[in-house]
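This report refers to the structure that appears directly beneath it.
The values are calculated or read from the model by the stated rules, or taken from the named source; none is laboratory data. What you see is a predicted model, and the numbers here were worked out from it, not measured in a lab. Backbone-built Cβ (ideal geometry, glycine too); neighbour counts: all protein chains shown. Ligands, DNA and RNA are excluded from the accessible area calculation, which covers all protein heavy atoms including side chains. Shrake-Rupley method; radii C 1.70, N 1.55, O 1.52, S 1.80 Å.
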Amino acid sequence: MGRAFEYRKARKLKRWGNMARTFTKLGKEIAIAVKAGGPDPGGNTRLRVLIQNAKAANMPKENIERAIKRATSKEMGDYKEVVYEGYAPYGIAMLIETATDNPTRTVANVRMYFNKAGGSLGTSGSVDFMFDHKCVFKTPHTEGIDLDELELELIDLEVDEVFADEGEIVIYGPFEAYGKIQKYLEDHNMEIISGEFERIPLDTKAVTPEQRETIEKLIEKFEEDDDVVNVFHNMRENEAEE
């Protein structure tokens, strides 16, 4: 297995503090997709997958429909996707993905979290080069699907890895290949459970248990902020977790 598989196995996906926060963040992502490509999932490929992501997170149908409707109303703020880069204590690189209608507020909060923890907010490009930007799709591992054959078929789409994980097939590819992979799955009637983006560290950095505790507190601070969608870092997981 390759690096994406090992990364997925090791990473603890404590992305959301509670269900309400999950729905808030998904609602913002849906709003951005609607603003960019319209409210019809049939003609908006990104929205189509986000609806599947929301269903996978058990977001009620009414909430999804409300998020789409709100995105087309004049009262809805204009959300933008902004990525912040910086360093946590002990030299751990961090990428903070946000969806915000007020970048001034968001950057002030991000800077405050870094500063209070003894880290620092960096400039654009300061740590981005330390991560691979990937898209990742999940589809059911149904009987009759040969993983080796599927991987061979997806090579032309620049797919990096295809592997089975707890009854699902996980497909990793470059960020830019998102649309092509989605189209392949839909054209072959393969159900898309979710389609997301991840930033995989090219290398990881070991920390002591005490240092890990400090860094995890900072990660929790970011994840509690409603503007934050994802937090990625290059801290090595515990050996026992790998």
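Summary of values
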read-out	value
Only one of K35, K74 that is open to solvent by 30 Å² or more (accessible area, probe 1.4 Å), outside any helix (DSSP H, G or I) and more than 19 Å from I192 (Cβ to Cβ)	K74
Yes/no for V83 being open to solvent by less than 70 Å² (accessible area, probe 1.4 Å), within 26 Å of Y172 (Cα to Cα) and modelled with pLDDT under 95	no
Any chance I51 is at pLDDT 90 or above and farther than 30 Å from E151 by Cβ	no
Residue, modelled with the highest pLDDT, within the range 217-236, restricted to residues that are charged (D, E, K, R) and surrounded by 15 or more Cβ atoms within 10 Å (Cβ to Cβ)	K221
Sole exception among (1) part of a helix (DSSP H, G or I); (2) hydrophobic (A, V, I, L, M, F, W, C); (3) closer than 27 Å to D203 by Cα for V82, by number	(1)
Any hit, the range 120-137, residues being over 25 Å from F222 (Cβ atoms) and either exposed (fewer than 15 other Cβ atoms within 10 Å of the Cβ) or in contact (Cβ under 8 Å) with a residue 40 or more places away in the chain (or both)	yes
Residue identified as open to solvent by less than 20 Å² (accessible area, probe 1.4 Å), outside any helix (DSSP H, G or I) and out of contact with any His (no Cβ under 8 Å at 6 or more places or on another chain) among V207, V170	V170
Single residue of the range 182-197 satisfying the filter (in a loop (DSSP other than H, G, I, E, B) and open to solvent by 60 Å² or more (accessible area, probe 1.4 Å)) that is nearest to I96 (Cα to Cα)	E191
Test: residue in the range 47-67 that is touching a residue at least 40 places away in the same chain (Cβ under 8 Å), among the β-branched types (V, I, T) and either under 30 Å from P140 (Cβ atoms) or surrounded by fewer than 20 Cβ atoms within 10 Å (Cβ to Cβ) (or both)	yes
Filter result for V110 (surrounded by 19 or more Cβ atoms within 10 Å (Cβ to Cβ) and under 19 Å from the mean Cα position of the chain (by Cα))	yes
Filter result (part of a loop (DSSP other than H, G, I, E, B) and surrounded by 12 or more Cβ atoms within 10 Å (Cβ to Cβ)) within the range 154-167	E158, V159, D160
Whichever residue in the range 87-125 is out of contact with any strand residue (DSSP E or B) (no Cβ under 8 Å at 6 or more places or on another chain) and charged (D, E, K, R) and, among such residues, is nearest to I30 (Cα to Cα)	R105
Pairs with Cβ under 7 Å, 6+ apart, first in the range 175-194 and in contact (Cβ under 8 Å) with a residue 40 or more places away in the chain, second hydroxyl-bearing (S, T, Y)	G179/T45; Q182/T45; L185/T139; M190/T139; E191/T139; I192/T139; I193/T139
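Each row is one residue, and each column tells you yes or no for (1) outside any loop (DSSP other than H, G, I, E, B); (2) out of contact with any helix residue (DSSP H, G or I) (no Cβ under 6 Å at 6 or more places or on another chain).
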position	(1), (2)
I64	yes, no
I68	yes, no
D78	no, yes
G86	yes, no
Y90	yes, no
M94	yes, yes
R105	yes, yes
A108	yes, yes
M112	yes, yes
